[in-house]
1. Which peptide among 140-146, 359-365 comes first, and what is the full order, when sorted by highest mean count of other Cβ atoms within 10 Å?
2. Can you tell which of 394, 61, 316 shows the greatest fluctuation in a Gaussian network model of the chain with Cα springs below 10 Å?
3. When the helix-only estimate is applied to the chain (DSSP H runs of n ≥ 4, each -39,500 (n - 2.57), divided by the residue count), what is the mean residue ellipticity at 222 nm, nearest 500 deg cm²/dmol?
4. Alpha carbon centre of the stretch 83-137 versus the stretch 141-171: separation in Å?
5. With label points built 7 Å along Cα→Cβ from the Cα atoms of residue 243 and residue 60, find their separation and express it in nm.
6. Between residue 267 and residue 190, what length in nm is gained on full extension when 0.36 nm per residue of separation is reduced by their alpha carbon distance?
7. What ranking do 44-52, 83-91, 202-210 get when scored by the average of other Cβ atoms within 10 Å per residue, highest first?
8. When the chain is modelled as a GNM with alpha-carbon springs shorter than 10 Å, which of 66, 100, 15 fluctuates the most?
Ligand SMILES: [Zn+2]
């Protein structure tokens, strides 16, 4: 069934209307309160022909699973399960910082829909819903395999009521071979060429404390004690001044290959980053953290009293490590930066990063779609510095292919990335339409029909 032009035109209008409605449901997490929004989405999908189930750990916080199988059980078994994944909760918004009502869903003269979640990620949910409901209403069904739409609660607070709970408690309901989620799709231009990031992997974290020791004493006689806090000073200076060695994984290697045409090694990174820095420092700021361990001190603690010299001081470091690595690499890179000195490292919370293969039918579909949008543009695998719900799906279904891809072009990544979790979050209707067209294209590419 060809995707008619009139349907292409309609997708943008449907996605716009859906996004405006989704923004108007206040789903700030905590507390989330996702139920009303989920019932609305359930109605839309059922009306289009999906069977829909709501599953909740807590009644007010349901997750939604919608299914549209191929017409016969044998055809359904004869293909992949594709899940379009999204979360419906958002972070908070302070209306006094905004130029528009964060829950107004207003379409303004600038051609953008304004509101909390426009980028993260009610915009993507609306584009996914527009694509699949318009396909289903036009009579489309998978030729082989099954289409699922999964809309989770609680992503912004860790997924204990959402994706994590679903994947642990109801794996058979959400099992999928191919998953399209957030965490990619933003476009950047480098030396005149367009690049679309495909979120194939996510970094992990190893949080730790740098602890220094001294001897307590009265602060009025500084030389009577040994000040543990002052021992942190040279360590903090090293964190500010020194860069740990790089540890390239598959995704940054792929980006360097796309940008420079070479198979880069860890030793090549400083020179290549310097070239990126000279061409566009904004890109260097975003790419550098994907190329190795980052060490960011964020909290500190010393004496409990202003007049007592601290016998112990600690600085907490948010350390992010490339996918597949853990404490061993984090500690090696931390000691390399901090040097041989009088301190202890205490490691705490750790999560290993995750990822999906690059050479897959989903990547082929993305590459084909990108070439159709702009024959000179390139889709490049990328690694996210943080986590999305993909983490839980990759853990529960190790063979699944989960990518973050929500293509945008009117707004490039330097404009859209800073809007996430910030004031004045908004998305151009043009980009919402582009994304809806992509989801319709990918769905039919993977499931036929
Ligand atoms: Zn998100």
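1. 140-146, 359-365
2. 316
3. -10500 deg cm²/dmol
4. 19 Å
5. Taking the simple label geometry, residue 243 and residue 60 are separated by 4.8 nm.
6. Between residue 267 and residue 190, full extension yields 25.5 nm more.
7. 83-91, 202-210, 44-52
8. 100
Bear in mind that the values in this text are calculations on the coordinates, not laboratory data. No experiment lies behind these values; they were computed from the predicted model shown. Every residue, glycine as well, gets a Cβ built from its backbone with ideal geometry; the counts of neighbours run over all protein chains shown.
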